[in-house]
Amino acid sequence: MVRIPRLLAISDRTRLEGGELGPWLDELAADGVDAVQLRERDLDDRAFYELACETRRRLPATIAVMVNRRLDVALGAGCQGAHLATDAVHTGALRRRFGAEPILGVSTHSIDEIKRARDAGADFVTYGPLRPTPSKPGWVDVPGPTGIEKASRHGIPLLVLGGVEDADDVTTAQSAGAAGVAGIRVFIDTDRRRRVVAAARHAWPDSHSPSEAQP
């Protein structure tokens, strides 16, 4: 059975000291994050594949590795799945071809997109933000807690993406019906990350990582 991430840390090595993912990945593992999404859009195909292989080797099997938009890279590197854009190759086609093994997440921005992802066989969606965020200046449509509560009622686990800054936001997300949280900045700062992990353990005490992960 696929187990849904509660804490999905999205990578951006340009924001890390030295521009290296390795030390950050080690910190995520030590602190208890249960999934990582590789999202290094500037890399060419070979470099991205090699990074996925190294990430999977470096992290313990209890942490799922998701590859942004590239299920082919994920499967080749032995990762657990891919996180897809809502306009990517139809999730249902991928599910029929590859079965239940790869975890398939989908980025969504509306209730209709959430329903389409659910009907196509996605395992979870990301949706948000919880509040305005510096990474999306001028973002007009901010669902906030009320919008997230409505979005979480549609029969597919929802991870709040954007605007999660600290432990209180985890509690707010869980109260709104979210299955977990995802983000970039919140997982970079050590103190903030540890507070979020502790809050997630309290909010989702049944949280665990995919049991089929392979090193």
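The values are calculated or read from the model by the stated rules, or taken from the named source; none is laboratory data. Small disclaimer: the values here were computed from a predicted structure and weren't measured. As a convention, Cβ positions derive from the backbone with ideal geometry for all residues, glycine included, and neighbour counts pool all protein chains shown. Surface areas here come from the heavy atoms of the whole protein model, side chains and all, with no ligands, DNA or RNA. Shrake-Rupley method; radii C 1.70, N 1.55, O 1.52, S 1.80 Å.
Given +1 on the Cβ of Lys and Arg, -1 on the Cβ of Asp and Glu, and no further charges, what dipole in debye does the range 6-134 carry about its Cα centre, rounded to the nearest 20?
Magnitude of the dipole: close to 460 debye.
When the Debye formula is applied to the Cα atoms of the range 1-54, each taken as the same point scatterer, what base-10 log of I(q)/I(0) results at q = 0.13, 0.16, 0.17, 0.27 Å⁻¹?
Here log10 of I(q) over I(0) equals -0.35, -0.52, -0.59, -1.19.
Any chance you could list P(r) for the range 1-116, counting all Cα-Cα pairs in 10 angstrom bins from zero, rounded to whole %?
Reading upward from the zero bin: 13, 46, 32, 8, 0.
Semi-axes, largest first, in whole Å: what does sqrt of 5 times each Cα gyration tensor eigenvalue give for the chain?
They are 23, 21, 17 Å, listed from largest to smallest.
State the answer as a single residue: which of GLN37, ASN68, GLN174 lies farthest towards the positive end of the charge dipole of the chain, with beta carbon charges of +1 for Lys and Arg and -1 for Asp and Glu, about the Cα centre.
Of GLN37, ASN68, GLN174, it is GLN174.
How large is ³J(HN,Hα), in whole Hz, for each residue of the range 184-201 in order, when computed from phi with the Karplus curve 6.51 cos²θ - 1.76 cosθ + 1.60 and θ = phi - 60°, using x for Gly and Pro?
These are the phi-based 3J(HN,Hα) values: 10, 4, 5, 9, 8, 6, 4, 5, 5, 4, 5, 5, 5, 4, 4, 5, 5, 5 Hz.
Of GLY162, GLY147, GLY19, which has the largest mean-square fluctuation in a 10 Å C-alpha GNM of the chain?
The residue with the greatest mean-square fluctuation here is GLY19.
How much of the accessible area of the chain, in percent, comes from carbon and sulfur atoms when a 1.4 Å probe is used? Spell out each step's value before the answer.
Numbers: 4930 of 10130 Å².
Carbon-and-sulfur percentage of accessible area, whole number: 49.
Could you give the length gained on full extension between ASP72 and ARG201, defined as 0.36 nm per residue of separation minus the Cα-Cα distance, in nm? Before the final figure, lay out each step's value.
Values: separation 129, 0.36 × 129 = 46.44 nm, distance 3.21 nm.
Contour length minus Cα-Cα distance gives 43.2 nm.
Got a sec? Which residues in the range 55-80 would a label at ASP26 touch, if it sits 7 Å along Cα→Cβ and we count backbone N under 17 Å?
Residues 55-61 fall inside that zone.
Could you work out how much longer the chain between SER110 and ALA88 gets when fully extended? Use 0.36 nm per residue separation minus the Cα distance between them, nm to one decimal.
Between SER110 and ALA88, full extension yields 6.4 nm more.
What is the Å³ per residue value for the convex hull set by the Cα atoms of the range 27-74?
In the range 27-74, the Cα hull volume divided by residue count equals 73 Å³.
With θ set to phi - 60°, apply the Karplus curve 6.51 cos²θ - 1.76 cosθ + 1.60 along the range 47-55 and write out the HN-Hα couplings as whole Hz, x wherever there is a Gly or Pro.
Result, ordered by residue: 5, 5, 4, 5, 5, 5, 4, 5, 4 Hz.
Would you mind checking which residues have amide H under 5 Å from MET66's amide H? H placed 1.01 Å from N; only 5 or more apart, or other chain.
VAL36, GLN37, LEU38
Please give the per residue accessible area of the chain, computed with a probe of 1.4 Å over protein heavy atoms only, in Å².
47
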